[in-house]
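**Student:** One structure follows; several queries about it will come next.
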Amino acid sequence: MKSISQSQEKSKEKSVTTTNREFLTTYNPKNLAIAFRDVKSPLAAIDSGGSNLFALRKAHGDVKVAALIKLYMIELNTLLNLKRSLTEEMIDAIADELLASFSMLNMADVHLVFRRAKTGHYGELFENVNMPKVLTWFTDYFEERCSAAAQRSVEEAQQHKRDDKRVSETVAEVDKAFKLKYMKYVAGK
């Protein structure tokens, strides 16, 4: 009985190691930069088809997903060469807050926000980054994303109305054709 338990433990350890390796390979910010190089708008991020942060947390755990966001924050710290860089505690707090408040975003969204921050889209950083600034980036981005998605939905609905006949119009045409055919049949007898 003991050998079965040891065998199961080794199998479980191997599975966890493989899962960790796959997660790190798939969601490494360097690999995501390549995968999301053409994502330059919220609609493109939506269309990327990636899982949202909530689903990633459910599948891989909070620690891994938080670690991924922390990698983005560390990269931001390094690339911007700020006089007052984010501390480890600040990075932890920002990652936790992003997971709590923006779990509906996917990794393409996260990548796009950090790309925009690195390229100055959100304005001058004045030699430092702090939690309120980062959360403001995500809040602004989320509002932009919601507006873009709503606009797309309205446009698709309008296009659908133009392209397709209404069901009532189609039913009326079928009914009319049936009556003409039936009336000719009845009249012909």
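Bear in mind these aren't lab numbers, they're just calculated from the coordinates by the rules spelled out. Keep in mind it's a predicted model, so treat the numbers as computed, not measured. So basically every Cβ, Gly included, is an ideal-geometry build from the backbone, and we count neighbours across all protein chains shown.
**Student:** HN-Hα J couplings of segment 72-82 from phi, Karplus 6.51/-1.76/1.60, θ = phi - 60°, integer Hz, Gly and Pro as x?
**Tutor:** Working through the residues one at a time gives 4, 5, 5, 4, 4, 4, 5, 5, 7, 6, 6 Hz.
**Student:** For T87 and N31, what does the FRET efficiency come to when R0 = 22 Å and r is the distance between their Cβ atoms, rounded to the nearest 0.05?
**Tutor:** About 0.25, to the nearest 0.05.
**Student:** In addition: Cα-Cα over 22 Å: which of K83/K118; K40/K118; K161/K181; K30/K70; K70/K118; K58/K118?
**Tutor:** Where the Cα-Cα span goes over 22 Å, the pairs concerned are K161/K181; K58/K118.
**Student:** I need the fraction of alpha carbon pairs in segment 39-188 separated by more than 28 Å, rounded to a whole percent.
**Tutor:** That fraction is 40 percent.
**Student:** Explain nothing, just the number: dipole magnitude of segment 39-188 about its Cα centre with +1 on each Lys and Arg Cβ and -1 on each Asp and Glu Cβ, in debye rounded to the nearest 20.
**Tutor:** In debye, rounded to 20, segment 39-188 gives about 800.
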